[in-house]
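A short worksheet on the structure shown next.
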Amino acid sequence: MIRKTRLYTPGPTPLLPAAQFAMAAADMHHRTPEFRALYQKVLAQLKIFVGTKNDVLLLSSSGTGAMEAAVTNLTSPGDKVLVLTAGKFGERWTGLVKAFGCEPDVVSAPYGQTFDIAQIRAALKPEHKAVFVQATETSTAVRHDIEAIARLLKDACSQALLVVDGITGLGTTHFDVDGWGIDVLIGGSQKAVMIPPGLAYLSVSDRAWAAMETSKNPRYYFDLRKERKNASKGESAYTPAVALIAGLGAALDYIAGQAGGDLEKGRIALVNNAQVNAAATRAGLVALGFRLFAPTAPAAAATAVAVPEGMDSSDMVKALKTRFALVAANGQGEMKGKLFRVAHLGFFDYLDTIALLGAMEHIAKDTLGLPVAYGQAVEAAQRVYAEAVKQ
């Protein structure tokens, strides 16, 4: 049988063909009028995609580079900050702030769960310079309630900057960046915008720009003030990833094209697409008897599935790849072997969801010996989809 490789990992995600063509044709020099026009267009599109009037900057790095930039540009050694962590990427915030001399207070939630707002309220102090959190904790497929956290900071009259890793949240979650008061929101190219790894982007509020004038941590490549100055002229501070920026422009054009050329409506449609596919996937997996790892606060970016007792999730990942050329993601760190993850962000559609669940029916029946009837998971997903498209 012919087997077509299908990528279901939460980053990198499947590539948009139009973006691949744009990248292949991007042989322009970065200090030319042609590139400046492209760069300014993409920066303007990113503001609409993020949903903000704030500046949005592009960095040639992974998303972690933008996370580091947020720390180095906004803090000084000795600053007290609050880190909210519920997985491997929350733990990355802790490592980053410690690396640059900050003193973190940490609010933790167990893997697979989100935070109790009362815990955050109790931990928040007037001296906290910033709050660092994920919108989606990709390692556990949990969605955190950023709106509630932002409201808490406002209600407490906190001066802390709200810094959100939205690397898998953007394109899968609805944000009101300016209305909620998110000071920095970070995205990555290998996620919902459907191009390869190598670009990070972040929105920066006026409050965040003001904080940079007094922060003392060292920065050079990730000096956001330098990037802002150059961006105003249609340039990056250093050599940009030209091909990726061309691909990003094509991807944002595609997202707009899904809503008649309106990028804002296209962004909303992209988020809704991820949310429907995530809900359909969860329904299908539960119908097969699988247990969701994050049942109370599920993300739309990805779904984490706990494997049956006595089974190693590595075997499930291997079975999907060996039999169907379907690439899923194992658990990370101490969660490896305990769960596997399948993505819904970016260039995934409803029929990709059906393909995944069809494969899972075979694995559940033939490999795990579960009492599964063919069509069981697919039917559950179809019901979710049919209800969503009626609305």
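Every read-out reported here was derived from the displayed coordinates using simple, explicitly stated rules and does not represent laboratory data. Bear in mind that the values here come from a model prediction, so they are computed numbers and not experimental data. A quick note on method: Cβ atoms are made from the backbone with ideal geometry, for glycine too, and the neighbour counts reach across all protein chains shown.
Distances between placed amide hydrogens fall under 5 Å for Ala109 paired with Thr85, Ala86, all partners being 5 or more residues away or on another chain.
Once you put a point 7 Å from the Cα of His362 and another 7 Å from the Cα of Ala37, both along the Cβ direction, what distance in nm separates them? Roughly 4.9 nm, to one decimal.
The structure shown yields P(r) over Cα pairs in 10 Å bins from 0, in percent, and of the options (1) 5, 21, 29, 22, 13, 6, 3, 1, 0; (2) 5, 23, 31, 25, 13, 3, 0; (3) 4, 16, 20, 19, 14, 9, 8, 6, 3, 1, 0 that calculated value carries the label (2). Model label sites at Gln119 and Lys98, defined 7 Å from Cα along the beta-carbon direction, differ in position by 1.8 nm.
What does the charge count near Phe324 come to, summing +1 for each Lys or Arg and -1 for each Asp or Glu among other residues with Cβ under 13 Å from its Cβ? Show your work: numbers first, answer last.
Values: positive: Arg3, Lys4, Arg6, Lys318, Lys321, Arg323; negative: Asp352, Glu361, Asp366.
Surrounding charge for Phe324 is +3.
Among beta bridges identified by DSSP and lying wholly in the stretch 17-257, the antiparallel ones come to about 40 percent.
Taking K and R as +1 and D and E as -1, what net charge do the other residues with C-beta under 13 Å from the C-beta of Thr85 add up to? Local net charge: -1.
From most to least packed by mean Cβ count within 10 Å, the peptides 365-377, 224-236 give 224-236, 365-377. Counting charges near Lys47 (Lys, Arg +1; Asp, Glu -1) among other residues having Cβ under 12 Å from its Cβ returns a value of 0.
Put a plus charge on the Cβ of each Lys and Arg, a minus charge on the Cβ of each Asp and Glu, and nothing anywhere else: the dipole of the stretch 17-257 about its Cα centre is then about 380 debye.
For the chain, the longest principal axis of the C-alpha atoms and the axis of helix 242-257 are separated by about 60°. Once both labels are positioned 7 Å from their Cα atoms along Cα-to-Cβ, the gap between Val389 and Arg291 label points is 3.5 nm.
From most to least packed by mean Cβ count within 10 Å, the peptides 161-167, 288-294 give 161-167, 288-294. With a Förster radius of 25 Å applied to the beta-carbon distance between Tyr374 and Lys321, the computed FRET efficiency rounds to 0.75.
Size of the dipole of the stretch 88-198 about the Cα centre, Lys and Arg at +1 and Asp and Glu at -1 on the beta carbon, nothing else charged, in debye to 20?
Details: 10 positive and 13 negative charges, 42 e Å.
With only Lys, Arg, Asp and Glu charged at Cβ, the dipole is about 200 debye.
The order of the peptides 143-153, 18-28 by mean Cβ neighbours within 10 Å, most packed first, is 143-153, 18-28.
Just from its helices, what would the mean residue ellipticity at 222 nm be for the chain, if runs of 4 or more DSSP H residues each count -39500 (n - 2.57) and the sum is divided by every residue, rounded to the nearest 500 deg cm²/dmol? Show your work: numbers first, answer last.
Details: 14 runs with 167 residues, N = 391.
That calculation yields -13000 deg cm²/dmol at 222 nm.
When the Cα positions of Val42, Ala300, Ala210 are compared along the charge dipole of the chain, Val42 comes out farthest toward the positive end, with charges on each C-beta of Lys, Arg, Asp and Glu.
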